Structure formats: structure tokens, C-alpha cells
Amino acid sequence: MDLKERFEIWRDVFSLQIDFLRELGHYKLNAAKSDLVAAVASNQLSVARMKAHIAQELQGALRRLHQMEGRTATKTKRLMTSARNAAYMQNGDDMTRTRMDLMWAAYKVFERMVPIERLEQIMQQDLHPGARKGVQFVNKEEPSEHCHDIPDYVDNAHMLVGYIKRRHYLPIRGTQAHRHVLKVFQAIADVAATQLDKMQTAINEMRTNTYKVWNPLVIAGLPDTMDVKKIIYNGMKEL
């Protein structure tokens, strides 16, 4: 699977997330209704009022999920373009300045969707000494200028990507530096497959009423809207 195809799996993540949110909302709604009945039966009226409020918020959020489906379809189309642009890194230095800018913009889109725990794993990738040499890079902003060696404080592959992005450097294709940068891009792309598996597993567990453990890793990349927050956080303590 090439880099473009790896990034394109994020499309499937966004397609599945509405089903995930719908299942999660119904799961929490049923729990809130059950707790509401139990609270009324035990005359815990303050708890009952809280559970009733949670149930009303969840019902409203679930009704409005169809609005998110349209926005998700639009975002999915943009992700396909970003996947193509991010994959330009396979070419190393063999790209125009304009294409480089598109590539870095796409990289930023996907990097933001990666949970911090996964980024921390990427940061553990040490740099090969040879990847620090300025001769392994070209300066796309000033092609006639030599690239400086990578400073010592840049001590892992993820930091290397951030550094060359700021300096407008690109690694020469086939060099040690290029291989390091490609590994970072591949690691970020591969998070999509993990997210997809986690959401599908969570959906199956909710349908069989065996979903017990909340894993924030599942929600990376979900839309940051009030309805999503209501579904994710309402009744959190009861799960």
C-alpha cells in the first residue's frame, strides 16, 4: 500500500464516525433512562432530574446527527485531496514550491487528528547521524543556498519534520533523511487504520451491550461540535 492509499483510510474513519456517534448516543441514552427509572424508584429526585436532562440532551443531539452527515461528506472529499497532497513527500525534493506548500498543509491536517499518545510514540524515533547533514536536503525557498546541518536539539524524527517545514527544506529522495521523514508520514497515516478498528470494535460492543471501557483514542478526529460533546461526555461517569 503506497502512502496515498494509507492516508485515504482516513476517509473511512470519517464515514464510520457518524455510526459510532449514533451508537454511542443510543447506548448512553438507554443508560440514562435506566438510571432515571432507578432514581425515581428510590426517591432520589435530584438524581432523576439530572438523568432526565441528560436524556433530553442526548435525544436532541441524536436527532441532529443527520446535519453532521452532510458536513462529513464534504470533509471527506477534502480529505481525499489532502491524502494526495501529503503523499507528495514520497518524491522528496522532486516537487515545486507550490506543491511543497500543499503537501505541508495536508500533513498538518492529518497530524492534528492523531492522538498525542501516538505522536509521542513517533517522537521516540531517534535520528540517524547521517540524516542531520545539510547535504541531505535542498532549500526550496532559496534553491541557491546550502542547507545547514540539523541542530542537536532536534533529537527525533517528528521534530525533524517540524524543523525542515519551518526552514522550507526538503529531503533529497532516497537519502537517510528522506527515509526518516517518510516514516513519520507513514506513522501518521497508519493511525487511521487503528482508529477504524477501534470504532468498529466499540460499535460491535455497544450493540451487544458489552461496551464498558472508554478509550479517548477512539474520538480523535471527530468534529468539535456541541452535539458531539453532548454525546461523548453526557453520562461519562456511568460507563
Discussion item. Please list, ordered by chain and number, the residues whose modelled amide H lies under 5 Å from the amide H of Val138; skip anything fewer than 5 residues away on the same chain.
Written reply: Leu170, Ile172
Worksheet item: Excluding Ala187 itself, what net charge comes from residues whose Cβ is under 13 Å from its Cβ, given Lys and Arg +1 and Asp and Glu -1?
Response: 0
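Ignoring the sites themselves, what is the longest stretch of the chain with no GluC sites (Glu not before Pro) in a DSSP loop and at most 16 other beta-carbon atoms within 10 Å?
1-140
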Response to the item:
With -39,500 (n - 2.57) per DSSP H segment of 4 or more residues and division by the full residue count of the chain, the 222 nm estimate, nearest 500 deg cm²/dmol, is -22000 deg cm²/dmol
Worksheet item: What is the total of Lys pairs in region 1-123 with C-alpha atoms under 29 Å apart, excluding same-chain pairs fewer than 8 positions apart?
Response: 8
Discussion item. Can you tally the net charge around Glu8? Count Lys and Arg as +1, Asp and Glu as -1, for every other residue whose Cβ sits under 15 Å from the Cβ of Glu8.
Written reply: +3
Discussion item. Please check: in the Gaussian network model of the chain (C-alpha springs, under 10 Å), which one of Ala105, Ala189, Ala87 has the largest mean-square fluctuation.
Written reply: Ala105
Worksheet item: When all C-alpha to C-alpha distances in the chain are sorted into bins of 5 Å, what percent of pairs does each bin hold, rounded to whole numbers?
Response: 1, 6, 13, 14, 14, 12, 9, 8, 7, 6, 4, 3, 2, 1, 0, 0
Response to the item:
Reduced to Cα centres, the span from region 23-57 to region 141-195 in Å works out to 50
Worksheet item: Any idea what angle helix 157-167 forms with the longest principal axis of the chain, computed on alpha-carbon atoms, 0 to 90 degrees, nearest 10?
Response: 60
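Rule-based calculations on the coordinates, nothing more; no lab input. Remember, predicted model here, so these are calculated numbers, not experimental data. No Cβ is skipped: glycine too gets one built from the backbone with ideal geometry, and neighbour counts run over all protein chains shown.
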